[in-house]
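Chemist: Before we start, here is the structure in question, set down as structure tokens.
Readers should treat all values here as calculations from the given coordinates under stated rules, not as data from a laboratory. Please read these numbers as outputs of a predicted model, since none were measured by experiment. FYI the Cβ positions are ideal-geometry reconstructions off the backbone, even for glycines, and counts take in every protein chain you see.
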Amino acid sequence: MSNIKNAFDHGKAFIPFITCGDPDLATTEKLVIAMEEAGADLIELGIPFSDPTAEGPVIQAANLRALTGKDHVTTDKVFDLVVRLRKTVKVPMVFMTYANVVFSYGAERFIKRSKEVGMDGLILPDIPFEEKEEFDGLCKENGLDLVSLIAPTSHDRIRMIATEAEGFVYCVSSLGVTGVRSNITTNIGEMVELVKQAKDIPCAVGFGISTPEQAKKMAESADGVIVGSAIVKLVAEHGENAVEPVRKYVKSMKDAVTS
């Protein structure tokens with residue numbers, strides 16, 4: 001069993017996402033440490049990929065910067081980053097990436113290495129529930145949680161997905177790709193209730209959340225709130241100087257979900 005459940009042991013969890021290597025790996029390292037200090041309960045690390053289908057323009061651009069920037073980020077460089085981070089960072093961390101990244105590295109080798117360097121879970125947004133078996137067995141063997149996603153369109157499948165879910169359930173708040181949204185109309189409470197009927201597992205909501213007000217509202221229905229694009233946007237704006245703006249933002253969001 002991974003440490004992911006620990007992220008939800010102290011009230012509502014705030015879960016930030018960043019793309020590794022944007023603008024460079026040294027800044028990513030500082031950002032992760034700052035986010036933990038600011039109150040992040042679990043951190044999602046994005047392994048850059050050239051065709052991130054679930055991402056909107058903000059995170060797509062971050063992937064491109066990471067792949068083509070001065071560090072030319074590779075999966076091995078991300079593993080090395082995690083080794084450095086785990087010398088100080090104690091909160092659970094999960095990788096968010098795409099099946100192609102795992103396949104090209106070798107699924108067994110990737111999952112084994114993820115556990116060895118200290119990762120707790122894996123999110124693959126392009127793998128539907130029906131096709132997860134290839135990764136799920138390897139994750140279970142290595143003590144890594146394969147995190148399941150449910151969308152507003154999952155309906156009858158929610159119970160089925162939730163029954164086999166590990167770590168936490170990622171509730172997608174909006175249809176389409178990631179990105180900041182001014183209004184989220186999905187009935188998150190209903191999604192969470194269906195999950196909880198099937199399994200006692202934490203539910204965290206992501207996609208589109210960017211303001212403390214939105215985070216506070218989502219936290220009323222769910223066990224945690226995930227934010228990616230708003231943080232990646234700060235990194236795009238400030239580059240190597242993004243550490244303090246991101247620290248301040250993460251603290252404001254953590255305060256909002258726990259207030």
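Chemist: Out of residues 5 or more away from V205 or on other chains, whose amide H comes under 5 Å of its own, with H placed 1.01 Å from N in the peptide plane?
Modeler: The answer is C171, G224, V225, I226.
Chemist: Among 232-243, 152-163, 19-30, 117-128, how do they line up by average Cβ neighbours within 10 Å per residue, starting with the highest?
Modeler: 19-30, 117-128, 232-243, 152-163
Chemist: Restricting everything to alpha-carbon atoms, can you work out Rg to Rh for the range 1-78 with a Kirkwood hydrodynamic radius?
Modeler: The Rg/Rh ratio comes out at 1.02.
Chemist: Which residues does the label zone of E130 cover in the range 141-173, counting backbone N under 19 Å from a point 7 Å along Cα→Cβ?
Modeler: Flagged as within label range: 148-165.
Chemist: From largest to smallest, what semi-axes in whole angstrom does the range 180-259 give when each is the square root of 5 times an eigenvalue of its alpha carbon gyration tensor?
Modeler: 27, 12, 11
Chemist: Can you tell which of A61, V91, L122 lies farthest toward the positive end of the dipole of the range 12-144, using +1 and -1 charges on the Cβ of basic and acidic side chains (Lys, Arg; Asp, Glu)?
Modeler: V91
Chemist: Using a cut-off of 12 Å between alpha-carbon atoms, which aspartates and glutamates can reach K30, once sequence neighbours fewer than 8 places away in the same chain are excluded?
Modeler: K30 reaches D22, E240, E244.
Chemist: Which whole-Hz ³J(HN,Hα) couplings does the range 72-88 yield from phi under the Karplus relation 6.51 cos²θ - 1.76 cosθ + 1.60, θ = phi - 60°, glycine and proline marked x?
Modeler: 6, 4, 10, 4, 4, 5, 5, 4, 4, 4, 5, 4, 5, 4, 5, 6, 10
Chemist: Based on the Kirkwood radius over alpha-carbon pairs, what is the Stokes-Einstein translational diffusion coefficient of the chain at 25 °C with 0.890 mPa s viscosity, in µm²/s?
Modeler: 137
Chemist: Along its three principal axes, how long is the range 63-182 when you only count alpha carbons? Whole Å, largest extent first please.
Modeler: 43, 38, 29
Chemist: If you stretched the chain out fully between I33 and K199, how much longer would it get, using 0.36 nm times the residue separation minus the C-alpha to C-alpha distance?
Modeler: The span from I33 to K199 would gain 56.5 nm if fully extended.
Chemist: Give the distance, in whole Å, between the Cα centre of the range 106-124 and the Cα centre of the range 67-88.
Modeler: What the calculation gives is 14 Å, centre to centre.
Chemist: Which whole-Hz ³J(HN,Hα) couplings does the range 7-18 yield from phi under the Karplus relation 6.51 cos²θ - 1.76 cosθ + 1.60, θ = phi - 60°, glycine and proline marked x?
Modeler: My calculation for the range 7-18 gives 5, 10, 7, 10, x, 5, 9, 10, 10, x, 10, 9 Hz in order.
Chemist: Shifting gears a bit: Quick one: Cα convex hull volume of the range 186-225, Å³ per residue?
Modeler: 58
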